[in-house]
Amino acid sequence: MTFTETLEYTPQIAADTAAQYAKVERVVPKIEWPNFAPYVSAINALKKERNAIILAHNYQTPEIYHCVADFVGDSLGLARKGASVDAEIIVMAGVHFMAETTKILNPEKIVLMPDMDAGCSLAASITAADVRAMREKHPGAPVVSYVNTSADVKAETDICCTSGNAVEVVESLGVKKVIFLPDQYLASYVASQTDVEIIAWPGSCEVHERFTGDEIRDYKKAYDQLSVIAHPECPPDVLEAADFVGSTAGMIDFVGKQSSNKVLLVTECSMSDNVSVEHPDVEFIRPCNLCPHMKRITLPNILESLRTLQPRVEIDPAIIERARGSVERMLAI
Ligand code: 13P
Ligand code: SF4
């Protein structure tokens with residue numbers, strides 16, 4: 001089997017996957033389903049056979065998110081699930097740092113990453129040596145790292161955080177000043193919510209940094225009663241124009257709580273598709289910025305990785321030992 005092999009769409013496959021198609025029919029055109037259905041069927045059969053579980057981030061495409069994932073969520077939800085699953089094999093339908101976090105919490109399990117090149121501009125923006133240099137420059141200040149970092153950086157970190165708990169984590173330390181890395185925009189958002197002094201690193205998310213306050217204000221002018229829900233990796237003027245700021249799971253939750261029938265999710269494209277499936281009465285205005293890393297994960301490479309049990313995420317045990325504390329301290333909050 002190679003990534004290019006085409007699996008056949010038979011009447012049996014159509015019948016076996018009818019329930020899955022019913023879930024995504026509003027966001028996956030009928031003409032495309034014959035390309036997805038054979039993979040959906042093969043993946044769901046093989047993961048049972050192998051006692052494997054698929055964790056999928058909220059930015060995965062609908063045919064992954066709704067049709068093969070066992071658990072979907074934000075980085076915090078995936079880390080929590082990763083810490084408690086029974087399965088022997090975990091497939092990460094997300095990006096590399098998420099698979100590393102899962103491996104750090106489950107060193108004895110097989111963690112599969114269908115495409116090892118699914119990186120993240122934030123994780124790529126900082127090295128372990130950079131963190132050591134920050135500590136030297138700001139002696140005594142604890143290091144809080146966003147989970148969007150490599151295992152090497154986590155090993156140099158006092159405590160991790162995600163966009164879902166960053167303020168809580170910073171305040172839990174009971175100190176006046178923290179080093180917060182690597183996202184400058186999440187850092188400035190946290191600084192706006194706490195009295196703790198935040199020393200930031202100049203990293204940014206290549207997807208969220210492209211949104212502008214002008215763009216959001218234009219949408220608000222064009223659509224009356226528009227509810228604007230933004231991810232904290234966006235620049236400050238975008239967040240100022242938003243009605244709610246939160247992690248991807250927080251954003252999804254807020255869609256269910258707010259009352260407008262017009263919603264703009266200021267984040268990666270697939271979120272609106274995935275969330276709209278559960279909110280047929282809400283109209284989603286879609287300022288679409290794609291994450292090229294998340295989009296490296298596909299049904300064919302998930303199937304390939306379940307078949308071959310490759311590529312596996314492997315981390316030096318000494319790094320796991322040092323990185324684990326920072327992730328566990330976050331999960332304990
Ligand atoms: P969440 O933890 O909010 O899902 O964010 C992860 C991410 O990569 C956002 O760009
Ligand atoms: Fe990284 Fe941004 Fe992609 Fe999230 S959306 S994985 S932060 S590049």
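The values are calculated or read from the model by the stated rules, or taken from the named source; none is laboratory data. Since we're looking at a predicted model, the values are computed, not measured. Please note: Cβ atoms are built from the backbone with ideal geometry, for glycine as well, and neighbour counts cover all protein chains shown. To get the accessible areas, we keep the full protein, side chains included, count just its heavy atoms, and leave off ligands, DNA and RNA. Shrake-Rupley method; radii C 1.70, N 1.55, O 1.52, S 1.80 Å.
Key figures
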| quantity | calculated |
| --- | --- |
| Some residue of the stretch 111-121 being within 16 Å of ligand 1 (Cβ to nearest atom), in a helix (DSSP H, G or I), aliphatic (A, V, I, L, M) and under 21 Å from residue 205 (Cα atoms) | no |
| Residues that are in a loop (DSSP other than H, G, I, E, B), in contact with a Gly (Cβ under 9 Å, 6 or more places away or on another chain) and surrounded by fewer than 17 Cβ atoms within 10 Å (Cβ to Cβ), drawn from the stretch 159-181 | 175 |
| Elements of type helices (runs of 4 or more DSSP H) in the stretch 1-104, at least 3 residues being surrounded by 15 or more Cβ atoms within 10 Å (Cβ to Cβ) and not hydrophobic (A, V, I, L, M, F, W, C) | 18-24, 33-49, 62-65, 75-84 |
| Residues of the stretch 199-216 classified as open to solvent by 20 Å² or more (accessible area, probe 1.4 Å), within 27 Å of residue 170 (Cα to Cα) and assigned to a helix (DSSP H, G or I), total | 2 |
| The stretch 108-128, residues that are free of Cβ contacts under 8 Å to residues at least 24 places away in the same chain and within 13 Å of residue 182 (Cβ to Cβ) | 124 |
| Number of the exception - residue 217 against (1) within 16 Å of ligand 1 (Cβ to nearest atom); (2) more than 22 Å from the chain's Cα centre (by Cα); (3) basic (Lys, Arg) | (1) |
| Residue in the stretch 207-219 that is in contact with an Asp or Glu (Cβ under 6 Å, 6 or more places away or on another chain), farther than 17 Å from residue 76 by Cβ and among the aliphatic types (A, V, I, L, M) present | yes |
| Matching option when the condition is closer than 16 Å to residue 329 by Cα, away from ligand 2 (no atom under 16 Å from the Cβ) and either hydroxyl-bearing (Ser, Thr, Tyr) or at pLDDT 95 or above (or both), among 153, 169 | 169 |
| Among the candidates 155, 124, 141, 133, residue that is open to solvent by 20 Å² or more (accessible area, probe 1.4 Å) and more than 16 Å from ligand 1 (Cβ to nearest atom) | 133 |
| Residue check for residue 290: out of contact with any Leu (no Cβ under 9 Å at 6 or more places or on another chain) and of a type outside the set (Val, Ile, Thr) | yes |
